[in-house]
Amino acid sequence: MKSIRVTLPGHRHEILVEPGLTGLIPKLLKDRGLSDSVFVVTSPRIQKLYHQALTGAWPGDMPPPVFLQVPEGESSKSLEMASRLYTRLIRQGADRSAVVVALGGGVIGDLAGFVAATYLRGIRFVQVPTTLLAQIDSSIGGKVGINHELGKNLIGAFHQPSLVLSDPSLLLTLAEREWHSGLFEAVKYGIISSSRLFAFIESRLEAIRHREMDAITRLIVECAAIKARVISKDEKESGLRMILNFGHTVGHALEAACGYGKLRHGEAVGWGMLFAIEYSERKGLTSSRAARRMRELICALGLPRLPRLRSDEILASMEQDKKRRGRVLRLVVPSRIGRVSVVEAEDRESIRAALRGSGIVR
Ligand SMILES: NC(=O)c1ccc[n+]([C@@H]2O[C@H](COP(=O)([O-])OP(=O)(O)OC[C@H]3O[C@@H](n4cnc5c(N)ncnc54)[C@H](O)[C@@H]3O)[C@@H](O)[C@H]2O)c1
Ligand SMILES: [Zn+2]
């Protein structure tokens with residue numbers, strides 16, 4: 001079993017990755033003193049798929065887990081849903097020893113984590129991510145939260161999980177589009193931090209596409225280790241953590257411009273990375289050869305076509321990005337494969353040119 005350590009000031013936990021790990025969850029919780037009263041937050045679909053795998057070997061001397069269901073979909077990341085979960089926890093008598101287990105994708109992880117962060121001023125929680133995006137990204141880093149009707153992820157907290165348990169075999173039931181969407185984030189990690197990971201994805205692309213267990217396990221371990229390393233150095237997003245935002249400034253703008261739900265998050269990031277590569281190449285910050293290699297891998301994953309968009313609309317949205325400081329737009333751009341830098345984009349014309357050059361604006 002692969003173990004990745006996350007070490008933060010005053011907090012440390014492990015990320016365990018292993019195909020078939022789900023059956024061992026009761027024991028892993030017990031060994032770490034996380035088994036007194038377990039509340040599993042999940043969706044009906046995931047409970048149906050994995051209830052047996054999770055509870056089949058639940059020992060008789062451990063109180064059985066209580067399942068709390070929320071409907072799948074982004075709209076569950078709401079104050080209303082959080083409130084319903086608080087009510088269930090209170091009615092079930094959950095006290096400070098209770099442990100919330102988030103069994104699901106990023107939606108469940110963010111919501112259940114937010115509830116755990118706020119219930120009784122914070123109880124422990126464990127992430128059991130079931131999508132590729134959640135295994136390599138959202139379950140790591142302690143950012144939890146819900147949406148507000150005026151914007152995504154506006155209400156939240158930093159609350160680190162006590163443990164992250166990633167079972168790559170759960171990803172076999174993921175819809176094709178979800179799988180591919182997560183792969184763009186995996187390519188992101190290669191570009192921002194590891195030429196070795198990038199080359200691995202290039203060389204094993206077919207195996208990864210077909211979800212061969214060896215290949216995807218290595219992929220998850222490497223990506224999770226990069227995210228763990230970055231957040232261990234910069235928990236609250238003051239500097240280094242910004243590199244994780246590669247592809248996201250334009251990505252978020254595209255999600256907003258296309259209407260949330262039309263474009264998967266990872267797909268938007270795929271387009272956003274193409275923009276950043278184009279911008280970097282035009283400014284002479286990366287070589288044409290590196291740019292070509294990066295583009296080829298991103299395109300090989302199959303990006304969906306975008307509707308007709310105007311660059312003004314995308315620019316306006318980029319300028320509203322909550323990570324912006326003052327009037328200056330900061331972009332994360334690749335300098336070579338495995339290394340990115342943060343540049344300040346003052347002239348809007350270069351951005352427009354890169355939006356056209358990358359095919360986002362026709
Ligand atoms: N906290 C963070 O740092 C962070 C980082 C990135 C994204 N996010 C958040 O993550 C969310 C997106 O997460 P996501 O992409 O995992 O989407 P998701 O949680 O909506 O899951 C996608 C779909 O896959 C289904 N599903 C999940 N696991 C499955 C499985 N094993 N088999 C079959 N179907 C399965 C879900 O029911 C859902 O329909 C967004 O809300 C985003 O804001 C958070
Ligand atoms: Zn992302």
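Each value in this text was obtained by applying a stated rule to the coordinates, not by laboratory testing. Everything numeric here is computed off the predicted structure, so don't read it as measured data. So basically every Cβ, Gly included, is an ideal-geometry build from the backbone, and we count neighbours across all protein chains shown.
Note on M273, M62: ascending count of other Cβ atoms within 10 Å places them as M62, M273, the fewest first.
What translational D, rounded to a whole number of µm²/s, comes out for the chain from Stokes-Einstein when the hydrodynamic radius is the Kirkwood one over Cα pairs, at 25 °C and 0.890 mPa s? Mind dumping the intermediate values first?
Details: Rh = 20.9 Å.
Translational D for this selection: 117 µm²/s.
Across the range 1-134, how many lysine pairs separated by 8 or more positions, or lying on different chains, have Cα atoms within less than 22 Å? Write down the numbers at each step before the final one.
On the way: K2/K27; K2/K30; K27/K48; K48/K77.
Count of close lysine pairs: 4.
Rounded to the nearest Hz, the phi-derived 3J(HN,Hα) couplings of the range 197-209 under the Karplus curve 6.51 cos²θ - 1.76 cosθ + 1.60 (θ = phi - 60°) are 5, 4, 5, 4, 5, 4, 7, 10, 4, 5, 4, 5, 4, where x marks glycine and proline. 222 nm [θ] for the chain, helices only, -39500 (n - 2.57) per DSSP H run of 4+, per residue, to 500? -14000 deg cm²/dmol, from helical runs alone. Rounded to the nearest 20 debye, the dipole magnitude of the range 103-256 is 400 debye, with +1 charges on Lys and Arg beta carbons, -1 on Asp and Glu beta carbons, and the Cα centre as origin. Across the range 251-257, computed HN-Hα scalar couplings (Karplus, 6.51 cos²θ - 1.76 cosθ + 1.60, θ = phi - 60°) run x, 4, 5, 5, 4, 5, 5 Hz from first to last residue, x flagging Gly and Pro. Rank S75, G151, F114 by how far each Cα sits towards the positive end of the charge dipole of the range 39-175 (+1 on Lys, Arg Cβ; -1 on Asp, Glu Cβ) and give me just the farthest. Checking the options against the dipole of the range 39-175, the answer is F114. 3J(HN,Hα) along the range 162-173: 7, 6, 10, 10, 10, 10, x, 5, 5, 7, 5, 9 Hz, from the Karplus curve 6.51 cos²θ - 1.76 cosθ + 1.60 with θ = phi - 60°, whole Hz, x for Gly and Pro.
Taking the Cβ-Cβ separation of K30 and S203 as r and a Förster radius of 45 Å, what is the calculated FRET efficiency to the nearest 0.05? Walk me through the numbers on the way to the answer.
Numbers: r = 40 Å, r/R0 = 0.89.
Efficiency at R0 = 45 Å is approximately 0.65.
May I ask you to compute the full-extension gain from L172 to S232, defined as 0.36 nm times their residue separation minus their alpha-carbon distance, rounded to one decimal in nm?
Details: separation 60, 0.36 × 60 = 21.60 nm, distance 2.98 nm.
Computed gain between L172 and S232 is 18.6 nm.
Cross-link partners for K283 among the aspartates and glutamates, with Cα-Cα distance under 16 Å and sequence neighbours closer than 8 places in the same chain left out: E344, E346, D347, E349. What residue among I90, Q52, P65 has its Cα farthest toward the positive end of the dipole of the range 51-100, where the charges are +1 on Lys, Arg and -1 on Asp, Glu, each on the Cβ? So the residue we want is I90. Straightening the chain between S75 and E349 buys 95.0 nm, computed as 0.36 nm per residue apart minus the Cα-Cα spacing.
By how many nm would the segment from R292 to R339 lengthen if fully extended, with 0.36 nm per residue of separation less the alpha-carbon distance? Intermediate results must be reported in sequence, preceding the final value.
Details: separation 47, 0.36 × 47 = 16.92 nm, distance 1.55 nm.
Stretched out fully, the R292 to R339 stretch lengthens by 15.4 nm.
Close amide-amide hydrogen proximity is noted between L68 and V40, V41, T42, each under 5 Å apart and 5 or more residues distant or on a separate chain (H modeled in the peptide plane; Pro and chain starts excluded).
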